[in-house]
Structures are given as C-alpha cells and as structure tokens.
1. Does the stretch 46-61 include one or more residues that are at pLDDT 90 or above, charged (D, E, K, R), assigned to a loop (DSSP other than H, G, I, E, B) and open to solvent by 100 Å² or more (accessible area, probe 1.4 Å)?
2. Considering Leu32, Leu43, which residue is surrounded by 10 or more Cβ atoms within 10 Å (Cβ to Cβ), under 16 Å from Gly55 (Cα atoms) and either of a type in the set (Gly, Ala, Ser) or in contact with a helix residue (DSSP H, G or I) (Cβ under 7 Å, 6 or more places away or on another chain) (or both)?
3. Collect the residues in the stretch 6-45 that are in contact with a Cys (Cβ under 7 Å, 6 or more places away or on another chain) and assigned to a loop (DSSP other than H, G, I, E, B), keeping them in residue-number order.
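The values are calculated or read from the model by the stated rules, or taken from the named source; none is laboratory data. Everything numeric in this text was worked out from a predicted model, so none of it was measured. Positions of Cβ are backbone-derived with ideal geometry, glycine not excepted, and every protein chain shown enters the neighbour counts. Just so you know, the surface numbers come from the protein's heavy atoms only, side chains and all, with ligands and any DNA or RNA stripped out. Shrake-Rupley method; radii C 1.70, N 1.55, O 1.52, S 1.80 Å.
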Amino acid sequence: MARRLLSLWFPRLASDHALRHRPVPGPFALVLRSGRGDRLHCLNPAAEARGLHRGMALADAR
C-alpha cells in the first residue's frame with residue numbers, strides 16, 4: 001500500500017488567529033522571546049508592506 005504525506009504551511013496562522021479575536025486596524029506583529037532577544041514571529045500583510053519581516057529583531061522593527 002502506498003503511503004501519502006501532506007505538508008501544509010500557514011505563515012500567518014498565529015497573527016490571523018490573534019486578529020480574529022481582537023481586530024487591529026493597520027500593521028500587527030507577534031513577538032517571540034528567545035535567548036538572542038525578541039524577534040518578530042508572525043506578521044499581517046500590512047506590517048510586511050511597511051518593510052517588517054519574520055525574524056527581524058524587535059529593536060530594529062521599532
């Protein structure tokens with residue numbers, strides 16, 4: 001019997017979920033705290049349009 005694998009990737013799942021509960025007009029980003037400092041983890045399209053990207057340091061994003 002052949003085995004099938006399915007891989008799904010939702011790059012904005014965390015931000016979409018957060019925005020569903022509390023809508024925010026404009027740019028929105030979730031921050032992940034790690035040993036190297038705070039980094040942007042998930043962004044909405046408005047934040048990406050302003051030049052922010054995933055993995056960017058929070059200090060640089062501000």
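1. Yes, because at least one residue in the stretch 46-61 is at pLDDT 90 or above, charged (D, E, K, R), assigned to a loop (DSSP other than H, G, I, E, B) and open to solvent by 100 Å² or more (accessible area, probe 1.4 Å).
2. Criteria check complete, one pass: Leu43.
3. Across the stretch 6-45, the qualifying residue is only Arg12.
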